[in-house]
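See structure below.
The values are calculated or read from the model by the stated rules, or taken from the named source; none is laboratory data. Values in this document were obtained by computation on a predicted structure and should not be read as measured data. Counting neighbours? That spans all protein chains shown, and the Cβs are built from the backbone with ideal geometry, glycine included.
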Amino acid sequence: MNILECIINNASVKIPANHGIVLLDFLRQHEHLTGTKEGCREGDCGACTVLVGELQGDGVYYRSVNSCLMPLSDVHGKHIVTIEGINQPKELNPIQQAFVNDGGTQCGFCTPGFILSLTGYFVNNGKFEPADALQAVDGNICRCTGHTPIKKAIHHIVDSLKNNSAADGTFLSYCVEQKILPDYFLAIPARLRSINTAPLTDVHIEEEHTIVVSGGTDLYVQKAFTMHAEKIKNIASWRKSIPITEDENTIHIPGTTTVEEFRLSPVVAKYFPELKRQFECFGSTPIRHRATVAGNIVNASPIGDMTCLLMALNAVLTLRDAGSSRKIPLRQFYKGYKLIDKKYSELIESVSFSRPKSVTRLSYEKVSRRQFLDIASVNTTMVFEQTEKGMLQCGISAGGVAPVPLFLAKTSEYLNGKMVNGDTLKESLRIAQTEISPISDARGSAEYKRLLLRQLIAAHFMKYFPGAVRKGSLI
Ligand SMILES: Cc1cc2nc3c(=O)[nH]c(=O)nc-3n(C[C@H](O)[C@H](O)[C@H](O)COP(=O)(O)OP(=O)(O)OC[C@H]3O[C@@H](n4cnc5c(N)ncnc54)[C@H](O)[C@@H]3O)c2cc1C
Ligand code: FES
Ligand code: FES
């Protein structure tokens, strides 16, 4: 596609292809929308937060994203909203006013990001809870005001917006009625429908030096200063209309599924309801809105959270290369540090794992230097069937303790068919230590990571066998 068409605030915009640059640079340098701020350029501070609206059914769904990591090539057919686009003509909108009333802004550098993250929350929800509204700003950091007045402002705005009382009950018209959004938003669904967005059903990667970009949350951090000059292929919309599904035997996840779509998936919630809360520790809301399942796997970080989870579930990757496809177990995908069993032209089309049974149990644990917005020092997942004959089909994965995301094959094998007691646990912890080779780095010393993994595996057991495993048996 040589011309990208989108709506930026109230303006229809056609952009000649310059696919490698990020949305932040386009907004500030080409559109002069300088309310969107540049802070870290690494997805960490939220100063660059914008809303990206996409048609979903009859309406438009808005997601907060870090514009510093979003390739411009992904704006086609979307509504991009910056702080300038939610200003009312003569007055502050209620969110902006609450920030002023409660002293939630001083230098103002972080403020547009906070306001847009909150706007995204109100536009997509009918019922408002302070805890959920606070969660929506988990990717925004204020360095000078302090977060207490910001929290106060958020509580006040939630209190003043208790019920969706719009005549037609839609979130968009409610937000317009409440002056959270200007009137022009009501026409956006129809305007987006008029843009020709042919779905990307098939992708062919022809040249070895084409960089495949999905969410961009790894690539635009790792190659921040060179991506603008690269030949890139944006696949974020590939098979985008396909949700996570299940059939009689298998759960299927399209590769371009975002971490937030995974976290909120009804299919995932049916089997592993606790993951919705636990995966709040994956980056932040705007990062999860972009980060994809396949991106996490191919990035091959030894501490990838999605990879850790899927490895314990014994997931299988379907790799597509033009017309052909092949399957490979995730446990066999990693060949060395950042070395994967994949040709440059192969794409992860989907990831699947066996449908959990009623006796299937999953425990996921992660320790990072900060509780939120940080990648793991060590992470681990344990999946097993809890039966009268003991543990069956046991799979334990561990991240941060080897050059690759690790499947603890010997530990898992040892536990198969075992009844759990203090001795079983001690022996499994001993075997796990023989399978790992952590190194000392910014995330902790090798000894610390060994200790962490030991404690996290013990935590798996204490979750499901609280009677069988006593704290004393761990010493
Ligand atoms: C602030 C911040 C916080 C983060 N927090 C976490 C965290 O808590 N836990 C965690 O695990 N990660 C975290 N990450 C890392 C990152 O968000 C994840 O690894 C994410 O899943 C990458 O997905 P993506 O779609 O953005 O990948 P991209 O950057 O688009 O791509 C990454 C790699 O995958 C390849 N690729 C992407 N899709 C496909 C496909 N379908 N087929 C073949 N190749 C493909 C690309 O070519 C590239 O090599 C964080 C990143 C940031 C910036
Ligand atoms: S500039 Fe900090 S998250 Fe984008
Ligand atoms: S008001 Fe200055 S960084 Fe938040």
_Tally of residues being surrounded by fewer than 20 Cβ atoms within 10 Å (Cβ to Cβ), in contact with a Ser or Thr (Cβ under 6 Å, 6 or more places away or on another chain) and polar (S, T, N, Q) across the stretch 355-403_ = 1
*Sort out which residues of the stretch 356-373 are in contact (Cβ under 8 Å) with a residue 40 or more places away in the chain and touching a strand residue (DSSP E or B) at 6+ places or on another chain (Cβ under 6 Å), and write them in order of number.*
Thr360, Arg361, Leu362, Ser363, Tyr364, Glu365, Lys366, Val367, Ser368
*For residues that are without any contact (Cβ under 8 Å) to a residue 60 or more places away in the chain and either crowded, with 16+ Cβ neighbours inside 10 Å or not assigned by TED's automatic domain parsing to the domain that holds Pro94 (or both), scanning just the stretch 134-146, find the one that is farthest from Gly120 (Cα to Cα).*
Thr145
*asked:* Please verify whether Tyr174 is modelled with pLDDT of 95 or more and over 17 Å from Glu54 (Cβ atoms), treating the condition exactly as stated.
replied: no
_Subset of the stretch 51-102 [modelled with pLDDT of 95 or more, more than 16 Å from ligand 3 (Cβ to nearest atom), hydrophobic (A, V, I, L, M, F, W, C) and closer than 26 Å to Ser160 by Cβ]_ = Leu51, Val81, Ile86
*Of the residues that make up the stretch 179-194, is at least one on the phi < 0 side of the Ramachandran plot, in a loop (DSSP other than H, G, I, E, B) and modelled with pLDDT under 90?*
no
*asked:* So Lys231 passes all but one of these: (1) farther than 25 Å from Gln371 by Cβ; (2) among the basic types (Lys, Arg); (3) without any contact (Cβ under 8 Å) to a residue 12 or more places away in the chain. Which condition number does it fail?
replied: (3)
